[in-house]
Amino acid sequence: MDGLTVADAQRCVIAAMKILGTESVPLKQALGRVLAEDVRANRDQPPYDVSAMDGFAIRSTDVVSVPATLEIIEDIRAGDMPRKTLNAGQCARIMTGAPVPPGADAVIRVEDTQAIGAHQVQITVTVKPRNDIRDRGENMTTGEVVLARGTAITPGVIGMLAMVKQAEVPVYRQPRVAILSTGDELEGLDEPLNPNKIPDANSYALMAQVQALGIDPVLLGIARDDPDDLRAALQRGLQFDVLLVSGGTSVGVHDYVRPTLEALGVQMQFWRVAMKPGHPMAFGIAPLTWVFGIPGNPVSSMVCFEEFIGPALRKLMGHTRVFRQTVTARLAREIKHRHRRTEFVRVMLAREDNIWVATPTGNQGSGILRSMALAEGLMVVPAASADVAAGATVQVQLLDGMNFQQDAGGEW
Ligand code: AMP
Ligand code: MG
């Protein structure tokens with residue numbers, strides 16, 4: 001095999017990641033983070049039996065035969081406390097969420113009543129005891145764990161945290177991520193256009209991939225293919241939790257990344273993966289830093305991020321679902337597959353007759369970034385696969401959105 005399989009390389013990377021510690025963040029900044037502690041209810045919610053409807057709190061024995069006319073003895077709004085006890089023939093006007101008064105055992109919604117002046121109401125339906133009453137504590141009871149450690153913080157979780165007045169939220173610390181591009185040929189975004197140079201796309205595509213996971217990376221700029229310059233830049237990068245180094249990981253005479261990392265004490269775990277694009281993908285461990293050596297071709301760089309680095313960052317953030325969600329799709333046109341590496345074909349996705357249809361995004365060269373700019377998914381062609389015919393059922397990793405799964409989706 002020409003390097004590790006993708007699945008083995010993913011296992012190696014994921015096994016090496018560990019939680020970085022915890023911190024507290026304001027509730028307004030907690031979306032997308034992962035809870036580092038159990039969260040318990042600090043009150044019963046609702047705090048007493050409350051009405052589920054706008055209507056009338058009644059005694060169910062008073063409406064056994066209908067229509068029945070009842071005397072209205074008070075108005076109870078949400079946030080009020082009832083002052084009176086219902087006796088036979090009496091009711092209280094009550095709003096959704098307001099406490100049910102003593103003596104009442106059911107609520108009748110306003111639609112099932114007819115007003116008779118200001119102080120009387122006619123009830124037109126019979127109801128069972130507890131009708132339209134929400135039980136005290138049905139949402140949460142004091143001391144109960146309402147959110148477990150490890151919960152990913154979604155908008156619904158934010159709502160729950162607000163409900164228990166958790167203004168500061170204990171979450172796992174996010175990794176600090178640095179990005180370094182390498183190559184004598186590279187032209188920075190701020191430099192004047194020189195037609196002989198190659199614009200540094202990778203720093204920014206990688207930056208955006210990191211940002212999409214909710215982490216703000218630091219861009220270290222461009223290091224030249226010179227052992228001293230590279231060494232100084234890598235030393236800066238090794239002060240972060242995660243260092244992404246683009247370019248220079250192959251075996252060309254100017255590819256100094258691997259030997260320089262090793263000279264700086266980084267233990268390389270692998271430096272080749274049997275995949276296309278992305279073959280010269282490297283992973284190493286330093287005392288403080290996980291280092292990813294990423295092939296310079298822009299598509300390779302982005303695909304390697306999706307397969308290894310994104311899952312690693314999500315694991316560091318405390319997530320258990322770290323891999324892109326995989327869906328089954330029908331391939332729109334034939335794909336040739338003549339090498340023994342797992343291939344990631346960039347595809348667009350459409351729904352037809354309730355199934356996904358995957359259409360390759362044109363020329364799949366690893367330098368053709370447009371194939372990635374158009375892509376909504378990565379179709380996985382396993383290493384041992386023959387050509388894949390039009391109409392075949394294939395597996396596609398979804399690139400958009402925040403849906404992730406626990407397993408990588410296949411042994412490829
Ligand atoms: P390398 O991995 O350094 O051998 O680079 C492979 C190819 O990717 C070369 O054609 C490089 O010019 C190109 N490349 C390397 N780094 C970048 C980058 N940051 N942005 C765009 N292209 C790059
Ligand atoms: Mg290079």
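The figures follow:
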item: Chain lengthening between residue 28 and residue 96 when straightened (0.36 nm per residue, less Cα-Cα); result: 21.6 nm
item: By average C-beta atoms within 10 angstrom, highest first, the peptides 87-96, 276-285, 26-35; result: 276-285, 87-96, 26-35
item: Under 27 Å from the Cα of residue 197 - lysines, other chains or at least 8 residues apart; result: 276
item: Within-13-Å neighbourhood charge of residue 25 [Cβ basis; K, R +1; D, E -1]; result: 0
item: Simple label model, 7 Å out from Cα along Cβ direction - residue 20 to residue 184, nm; result: 3.5 nm
item: Accessible carbon and sulfur surface of the chain relative to its total accessible area, %, 1.4 Å; result: 50 percent
item: Span from the the stretch 1-21 Cα centroid across to the the stretch 31-61 one, whole angstrom; result: 44 Å
item: Calculated on alpha-carbon atoms, Rg and Dmax of the stretch 323-405 in Å; result: 12.1, 34
item: For the chain, calculated [θ]222 nm from helices alone, where every DSSP H run of n ≥ 4 adds -39500 (n - 2.57); result: -4500 deg cm²/dmol
item: Neighbourhood net charge (12 Å Cβ-Cβ; Lys/Arg +1, Asp/Glu -1) for residue 145; result: -1
item: Spin-label pair residue 163/residue 61, simplified geometry with 7 Å Cα→Cβ offset, distance in nm; result: 3.5 nm
item: Potential lengthening between residue 285 and residue 354 on full extension [0.36 nm per residue; Cα-Cα distance subtracted]; result: 20.4 nm
item: Candidates 181, 65, 371: whichever shows maximal mean-square fluctuation once the chain is modelled as a Gaussian network with Cα springs under 10 Å; result: 65
item: Net +/- balance of residues flanking residue 119 in space, Cβ distance below 12 Å, scoring K and R +1, D and E -1; result: -2
item: Heavy atoms of residue 315 accessible to a 1.4 Å probe, total area in Å² rounded to 10; result: 60 Å²
item: Radius of gyration and maximum dimension Dmax of the chain, Cα, Å; result: 30.6, 96
item: Segment residue 229-residue 77, extension gain: residue separation times 0.36 nm, minus the distance between their alpha carbons; result: 47.6 nm
item: Packing rank of 134-143, 286-295, where each peptide gets the mean count of other beta carbons within 10 Å, highest leading; result: 286-295, 134-143
item: Gaussian network model of the chain, springs between alpha carbon atoms under 10 Å - residue of 116, 198, 355 with greatest fluctuation; result: 116
item: The stretch 50-134, accessible area per residue, ligands and nucleic acids excluded (1.4 Å, Å²); result: 51 Å²
item: In Å², nearest 10: area of residue 112 left accessible to a 1.4 Å probe; result: 40 Å²
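The values are calculated or read from the model by the stated rules, or taken from the named source; none is laboratory data. Because the structure is predicted, anything quoted here is derived from the model rather than measured. Every residue, glycine as well, gets a Cβ built from its backbone with ideal geometry; the counts of neighbours run over all protein chains shown. Accessible surface is based on the protein model in full, side chains and every heavy atom, while ligands, DNA and RNA are left aside. Shrake-Rupley method; radii C 1.70, N 1.55, O 1.52, S 1.80 Å.
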